[in-house]
Structure formats: C-alpha cells, structure tokens
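Below: the structure, in structure tokens.
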Amino acid sequence: MAHQSIASKGIASKGIASKITRRRLWSLGLLLSAGLTVGISACQSNPTGGQTQDTTEAPTDSAESVVNLYSARHYDIDDELYEEFTAETGIQVNVLEGKPDELIERIKNEGEQSPADVFVAVDAGRMWRAQEEGILQPVTSEVLNTAVPENLREPSGEWFSLTKRARVLVYNTDNVQPAELSTYEDLADPKWQGRVCVRSSENVYNQSLLGSMVETNGAEATETWVEGLVANFARQPEGGDVDQIKAVAAGQCDVAIANHYYWARMAKSDDPADIAAVEKTAVFFPNQADRGTHVNISGMGLVKGAPNSENAIAFMEFLVTPEAQKVFSEGNNEYPVVTGVDVDPVVAALGEFKVDEVNVASYGRNNPEVNEIVNRAGWQ
Ligand code: FE
C-alpha cells in the first residue's frame, strides 16, 4: 500500500506512469524529463492518495525496511533476486534504473537528500567514475572481502565486483586458425593488416582494456600497440561488439575484440542470422601464456550518506552469496566473482581460462592517460 502512494507522488501524479511495478517505482528518464526537482520519496505514506507536492526529502518513514538501489543493470532476472532478498530479510528493494552517468549525476544533484543506498553499474571504468565524483563511501565487510577476490574490489572498499566479463577475440573460423592467435599485443603485428575489427575507443570496454594495458605494459608500449592496431583495422570503428562479431562472420574482418557474453547471447538467440554468425566464428581467450585475458566487471558500491546503510550492506552481502551470484551472472551470460558457482552451459562450453589479475581499479585510474593515447594514435 505504502508503495502505491509513492506512485501517486512524483511520477504518477504527472500522469506518465500509470502502471508501475511494485519495486520498479522510478523511471529515471521520466524523472529527468520532468526535471530534477522531482524528489524520490520511497515508502512515505500519502493518506489522501491524491496529488501531493513533490518532495525533496529523503525517506524518513521507517515503517517498512527498505534499500534504495540505483542500478544501471537492466535484466528481468535481477528482480527475482531482489524478491528473494526481501523474502529472506523483510527488506524491500526499491530500484531506480538509468544510464550510469545519469545515475551518478542524479545522486550528486540530490546531494545529502539522496535516498540512494547502493549504486550498481557495468564496467570498472564507470565504478571508478562514481568514486571520482565522490558519491561512494568505503565499506568494511568480512563477507564482501572474503567473497570478492582482492583484484576485483577497489582497494579502499568503495566498490566491489559483482560479475566478470571477458574481453575476448572472436575470429572467422574459415580464415584464421586458432594457432595464429595469441595475445592482444599480437593484433598490432603487420600480419593482421586490414583484418581487425573493433568498436570505437570512446567505448568504456575498450578504455578499460587499454587502462589494464597501461598498468601492465606502460603508457609508451600501449601507445605503440594502439598505433599498430589502428594500422591493422579492416574498417573505421563502427557499431557495438555484436556488429564486430557479425563483421567477422561476414568476412569483413578476420578477428575482432568483443565481450564474451555477446557471442554467448547470439549462440542462444532465436534469430537464424545470429546462429549463422556464431557458426562462422569462435571465441579465443588471449594472453593465456602470460598475464591472462582482460576481464571487466559489473560492480556495486555503498552511496555516501546512504540513509539505509545497514540494509544496503546486507543487500550487497546477499549479492555475493552463491545463490545470488548464479542468478546475477547467468542473467547476462557472465562469470560470477565468487568461486564454486556454476556458469551458464553455453559460457561453460567456451572453456576455462586464465584471468588477468591486475586490479580492476587501475582501469579507471589510467583512463586520462588512455584518452590521450587513443587521441594521439588515431583510434576513433
Ligand atoms: Fe555490454
């Protein structure tokens, strides 16, 4: 009941969201378009049930125990998991979905009044951005520190990884033998001239890959590598990772850099075109003989000034339980961060691989340098 009254504030009172699911109370796009004056007020009762003034106050009514999640992840499966958390703890999960940068901006604008407790985003670079913007606070939790490997958490505890995604090579099986592939570094070799596809360097996945290379190989070597890579492009960067995989399948290029789950998603697709593309291609995990394949993460952090911080930490700890990890990682064909959890069969069929264990916080830390490198080296 209390939740429906929320709907009667803000969003629904503006007549733009008549049907809001119980937990998906907020729609960032709508709120943003309505202006940032609309406050979020979870679980405050509105006895009249009618229109009320927008409130800018954080939730103070503790009649119901809540955690307010600002999430840049959008998978239906997540909702089931949140319901499970509520069933176990009695803590209601309110979800505000949006693009990561919008969510960060929103939390900044809401300032001390922000109801945000937990921030979830995809890519270490974005978690780093949230940290740099000062919206997170460190968490000291034995549960989190034990479950999440050290390289997959921010050293001071400002954010923790939830899932892993590998940035792999996808190659055309007619034109490339797996033995010809070895490392990311090798893609700068002249033997790949006119054969490599990769999306724009503006994409955060590529920026994080480059951040990891700066950390391990140094800025100078990374710049030389980018120059060689650009010289080997089959075409100017266009589209997303799926477009690179399709271009490889179509023979426009022989090898592409892409996140593994896009290939897995296509392998499970009902679209015959996706299946045809998968049949022409295969996944290769680079750098197995040295540092391992670059992984990125989706992550979570406790928001600075979180009004329900105890609930928030309980929620974060819940998300690293084996049960939650299985659901959370399978939702996007990713790898769990905790050990001993099964992965999706299609992902498992890609095989086990050595992971580059450089700390994920280095990706964002090196980002300013990465931007200079790609600009100088001409990776659009
Ligand atoms: Fe993605």
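Scanning the stretch 242-262 for residues that are part of a helix (DSSP H, G or I) and open to solvent by 30 Å² or more (accessible area, probe 1.4 Å), we see that the one that is nearest to the ligand (Cβ to nearest atom) is Tyr262.
Listed by position, the helices (runs of 4 or more DSSP H) enclosed by the stretch 64-171 that each have at least 2 residues that are of a type in the set (Val, Ile, Thr) and under 28 Å from Glu352 (Cα atoms) are 142-147. Pairing each residue of the stretch 235-246 that is farther than 16 Å from Arg167 by Cα with any residue that is among the polar types (S, T, N, Q) and more than 12 Å from the ligand (Cβ to nearest atom), provided the two are 6+ apart or on different chains, yields C-beta distances under 8 Å for Arg235/Gln252; Gln236/Gln380; Pro237/Ser200; Pro237/Ser201; Pro237/Gln380; Glu238/Ser200. Taking helices (runs of 4 or more DSSP H) as the structural unit, those lying wholly within the stretch 284-380 and holding at least 1 residues that are among the small types (Gly, Ala, Ser) and more than 30 Å from Gln92 (Cα to Cα) correspond to 345-348, 361-365, 367-377.
One line per residue, one yes/no per condition, for (1) touching a Leu at 6+ places or on another chain (Cβ under 8 Å); (2) crowded, with 17+ Cβ neighbours inside 10 Å:
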{"residue": "Glu310", "(1), (2)": "no, no"}
{"residue": "Phe318", "(1), (2)": "no, yes"}
{"residue": "Asn333", "(1), (2)": "no, yes"}
{"residue": "Pro336", "(1), (2)": "no, yes"}
{"residue": "Leu350", "(1), (2)": "no, yes"}
{"residue": "Lys354", "(1), (2)": "no, no"}
{"residue": "Asn367", "(1), (2)": "no, yes"}
{"residue": "Val370", "(1), (2)": "yes, yes"}
{"residue": "Gln380", "(1), (2)": "no, no"}
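Note on the stretch 117-162: residues that are small (Gly, Ala, Ser) and under 18 Å from the mean Cα position of the chain (by Cα) total 6.
Each row is one residue, and each column tells you yes or no for (1) open to solvent by less than 10 Å² (accessible area, probe 1.4 Å); (2) out of contact with any Gly (no Cβ under 6 Å at 6 or more places or on another chain); (3) outside the structural domain of Ala361 (by TED's automatic domain parsing).
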{"position": "Gly157", "(1), (2), (3)": "yes, yes, yes"}
{"position": "Thr183", "(1), (2), (3)": "no, yes, no"}
{"position": "Asn203", "(1), (2), (3)": "no, yes, no"}
{"position": "Gln207", "(1), (2), (3)": "no, no, no"}
{"position": "Ala219", "(1), (2), (3)": "no, yes, no"}
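Considered as a group, the residues in the stretch 142-152 that are out of contact with any Gly (no Cβ under 8 Å at 6 or more places or on another chain) and touching a residue at least 60 places away in the same chain (Cβ under 8 Å) include one that is surrounded by the fewest Cβ atoms within 10 Å (Cβ to Cβ), and that residue is Glu150.
Across the stretch 189-201, the number of residues qualifying as assigned to a helix (DSSP H, G or I) and open to solvent by 10 Å² or more (accessible area, probe 1.4 Å) comes to 2. As an exercise: evaluate Val139 against (1) open to solvent by less than 10 Å² (accessible area, probe 1.4 Å); (2) within 16 Å of the ligand (Cβ to nearest atom) and give the number of the one condition it does not meet. That leaves (2) as the condition not met. Evaluation of Phe328 against the conditions (1) modelled with pLDDT of 95 or more; (2) among the aromatic types (Phe, Trp, Tyr); (3) touching a Pro at 6+ places or on another chain (Cβ under 9 Å) shows that the sole unmet condition is (1).
On the stretch given as the stretch 222-236, residues that are small (Gly, Ala, Ser) and either within 14 Å of the ligand (Cβ to nearest atom) or assigned to a loop (DSSP other than H, G, I, E, B) (or both) total 1. Residue selection: Thr281 fails the criterion of being under 23 Å from Glu372 (Cα atoms), away from the ligand (no atom under 16 Å from the Cβ) and either touching a helix residue (DSSP H, G or I) at 6+ places or on another chain (Cβ under 7 Å) or open to solvent by 10 Å² or more (accessible area, probe 1.4 Å) (or both).
Residue-level analysis places Ser298 among those that are within 16 Å of the ligand (Cβ to nearest atom) and of a type in the set (Ser, Thr, Tyr). Taken as a whole, the condition of being more than 21 Å from the chain's Cα centre (by Cα), at pLDDT 95 or above and within 16 Å of the ligand (Cβ to nearest atom) does not apply to Lys268. Right, Gly239: within 16 Å of the ligand (Cβ to nearest atom) and not in a helix (DSSP H, G or I) or not? Taking the combined requirement at face value, the residue satisfies it.
For the stretch 165-174, the set of residues classified as among the hydrophobic types (A, V, I, L, M, F, W, C) and either within 16 Å of the ligand (Cβ to nearest atom) or over 31 Å from the mean Cα position of the chain (by Cα) (or both) consists of Ala166, Val168, Val170, listed by residue number.
Quick grid of which residues meet (1) without any contact (Cβ under 8 Å) to a residue 40 or more places away in the chain; (2) within 16 Å of the ligand (Cβ to nearest atom):
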| position | (1), (2) |
| --- | --- |
| Gly157 | yes, no |
| Thr163 | no, yes |
| Val176 | no, no |
| Gln193 | yes, no |
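The values are calculated or read from the model by the stated rules, or taken from the named source; none is laboratory data. Keep in mind that what you see is a predicted model, and the values were worked out from it rather than measured. Cβ atoms come from the backbone with ideal geometry, glycine included; neighbour counts cover every protein chain shown. These area figures cover heavy atoms from the full protein model, side chains too; ligands, DNA and RNA do not enter into them. Shrake-Rupley method; radii C 1.70, N 1.55, O 1.52, S 1.80 Å.
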